[in-house]
Amino acid sequence: MSEETDELVRRLKSEVAVLKELLAVQERTVLEQSERLEETTRDALAANHAKASFLANMSHEIRTPMNAIIGMTGLMLDGELPDNQRRRAEIVRRSSESLLSLINEILDFSKIEAGKLTIEPTPCDLPRSIEHTMQALAPVAAAKHIELILRLAPDLPRGVRVDVGRLRQILTNLVGNAIKFTSEGYVVAELGVLETDDSNVTVELTVRDTGIGIPADRLDQVFDSFEQADGTVTRKFGGTGLGLAITKQLIELMGGTVAVESTLGRGSTFTVRIPVALDKSAVEDESSTDLSGIRALVVDDIEVNRELLRERLEEWGFVVDTFAGGPAALAGLRKAVAEGQGYLLGVLDHRMPEMSGVELGVAIRKEPGGSNLRLLMFSSDEVPRDASYEAAHFVQHLHKPLVVGDLRRALKRAVASTTTTRLYGGLDDEPRRDLQMLPGARVLVVDDVEANCMVGREMLEAMGCRVDVAANGLEAVSMQRELGYDVILMDCQMPELDGYGATREIRRAEAGEGKRVPIVAMTASAMEADRQRCLDAGMDDYVSKPVDIHRLNDVVVSFTRNNPESAPASRPAADTRALRAKFNAVFVEGSRSQLDLLRAAIAANDGDKTRSRAHALRGSCGTLATPRILQLTRQIEDLGAQNRLDRVADRFRELEELLRTAQDAVGAGD
């Protein structure tokens, strides 16, 4: 047994020695392989670093002359060139821009692959950054006659911390791709809020187009490098297939996600969600202007644009009506004026099928209630500034896509405009059309404000009418009973007896006589309820202040047409410059005195006097003043009636400043 045991031990020791040798060999092999792997890894990292450095250097070396080529070609195209040379220069510029875009994509892709691309959040104004990016893409869409639409959610925060350069790159890639693959229709970019807390917010960017779409079996591949949904697409539309791959990797580096939905032949929708930090210090506070209650018409043949503008304007307090084209807008304007609810603002698209924005603007100026409209042109392409454009009197011209800040500033300037050529209803230097003369027509103007009596008298005398004035309802009832008139223009709110009571008294006196004098309300109120109250009192028609001379002419003609003593005859309009000079003096004097009285009422904390003084001030400049002045006086009047004078101070300061500017403007225009 001892010998057998010894033999077994020797064998075991021999096998252990062999195993140790094998293990040592394996350890040496693993070590050698590890050393070789480390060396290979170092070589690979060095190669990647060298590749990234090479691409960065080459990118710089290539981009420098490319920028020079693009810049010099642009200078050539700005000059005078024969047609054939211009075509060649345009080909050079387009090819250079395509090559530069390709270089930038390859460089970004190589940086991402090498892990060299970093995200650097900085404070920024999020809506403004998005708007500026979309503005840069607008000419590309306009060249293809595609509508480019931007919709920002009302609750989208302004101040955030985000890598704004990369965010713009993501938006540019997605929207640029949508434009590239869309031949007709539109591209819509929408930015909204998905989740939010005290310090962070998740924003959702949706880019939707009406392009060629993507087959369902290729959706999973659209974000792969050097891939496009269809191999034939590269030939037709160009591109490397890197754009969406870079976009996806950038989004993921920013902690976000991206998804796509598409229907072949109908378009695609890309949805991006990115978390960003809130940073209120990134933006400056903007003083607000109260735009509530201003009536506006919006005209655009594309429903998305109409609803976008309606949504934004209603958010700021406008009362908005939208129309899909020029004829519908003109019909709507006529209806609104007939109902005493004319518009103060119009936003017109330029390129529409039945009637262009310029043609519509010219037509609006020829309509009753159209001469005082503040018209804004809203276009995605360049509009020739020809005679028709000038005749439409656009106060602002904005370019699509909608930039919220620019739109709000334009609206504020338009509403607060004190340009002397638009202070007077229908009193342009060049009369819009001839006035119908009414020799022998006897008209009574009833108003407690001297300025309004003078303006009404001058307008009517310019039509050949014989005019008397009454300072209140009692005088009007007495004068109608004793003298009789063909037409009475009646203010509604007056001391002693208001216009409603005076009208009822006149109608009672007429009972059984078989005749009825036409009574036309002439007041700064323009709500449907005000119009109905006038009709209920027995009035026959309604003219809103600011009064348009041609609208007034049409109304008086309609009521005197059957009177043989005052049959209308066409004659060129009177000298409007002479009328303007008279109106200037009365406007300045009347508004200053009424403003002093209003100031005293506010200082005395007297709500009832504040109401009456604000109404008198609105009446004294109602025929001449800007929409914002009328709006402020109406607001102060309402606050006085509610005895809420603590909210009057800011409005009065703005009113005082606007009146001072208007007084200076009309004084300079004399």
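The values are calculated or read from the model by the stated rules, or taken from the named source; none is laboratory data. The shown structure was predicted, so the numbers you read here are calculated from the model rather than taken from an experiment. Counting neighbours? That spans all protein chains shown, and the Cβs are built from the backbone with ideal geometry, glycine included. What goes into the accessible areas is simple: the full protein's heavy atoms, side chains included, and nothing from ligands, DNA or RNA. Shrake-Rupley method; radii C 1.70, N 1.55, O 1.52, S 1.80 Å.
Data overview
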item	result
Unique residue being part of a helix (DSSP H, G or I), at pLDDT 70 or above and within 34 Å of the chain's Cα centre (by Cα) when the list is Leu244, Leu219	Leu244
Scan of segment 368-389 for residues that are within 15 Å of Leu344 (Cα to Cα) and either small (Gly, Ala, Ser) or open to solvent by less than 10 Å² (accessible area, probe 1.4 Å) (or both), ordered by number	Gly369, Gly370, Ser371, Leu373, Leu375, Leu376, Met377
Any hit, segment 402-410, residues being at pLDDT 80 or above, open to solvent by less than 10 Å² (accessible area, probe 1.4 Å) and outside any loop (DSSP other than H, G, I, E, B)	no
Residues of segment 604-616 satisfying the condition of being part of a helix (DSSP H, G or I) and open to solvent by 90 Å² or more (accessible area, probe 1.4 Å)	Asp608, Lys609
Segment 305-319, subset under 13 Å from the mean Cα position of the chain (by Cα) and of a type outside the set (D, E, K, R), residue nearest to Gln341 (Cα to Cα)	Phe318
Filter result (touching a helix residue (DSSP H, G or I) at 6+ places or on another chain (Cβ under 8 Å), farther than 20 Å from Thr560 by Cβ and open to solvent by less than 50 Å² (accessible area, probe 1.4 Å)) within segment 473-497	Gly473, Val477, Asp491, Cys492, Met494, Leu497
Which numbered condition Leu167 fails, given (1) crowded, with 22+ Cβ neighbours inside 10 Å; (2) assigned to a loop (DSSP other than H, G, I, E, B); (3) not charged (D, E, K, R)	(2)
Asp209 vs. criteria crowded, with 20+ Cβ neighbours inside 10 Å and of a type in the set (D, E, K, R)	yes
Pair list, Cβ under 8 Å, 6 or more apart: segment 147-160 residue within 22 Å of Tyr186 (Cα to Cα) and in contact (Cβ under 8 Å) with a residue 40 or more places away in the chain, other residue among the charged types (D, E, K, R) and open to solvent by less than 30 Å² (accessible area, probe 1.4 Å)	Glu147/Lys400; Leu148/Lys400; Ile149/Lys400; Leu150/Glu131; Leu152/Glu131
Residue, most open to solvent (accessible area, probe 1.4 Å), within segment 113-128, restricted to residues that are modelled with pLDDT of 80 or more and charged (D, E, K, R)	Arg128
Thr234 open to solvent by 50 Å² or more (accessible area, probe 1.4 Å) and either modelled with pLDDT under 80 or not in a helix (DSSP H, G or I) (or both)	yes
Residue that is modelled with pLDDT of 80 or more and not in a helix (DSSP H, G or I), where the choices are Leu460, Leu375, Leu398	Leu375
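Residue-by-condition table, conditions (1) at pLDDT 85 or above; (2) within 16 Å of Ile274 (Cα to Cα); (3) assigned to a helix (DSSP H, G or I):
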residue: Ile130; (1), (2), (3): yes, yes, yes
residue: Met134; (1), (2), (3): no, no, yes
residue: Asn177; (1), (2), (3): yes, no, yes
residue: Val203; (1), (2), (3): yes, yes, no
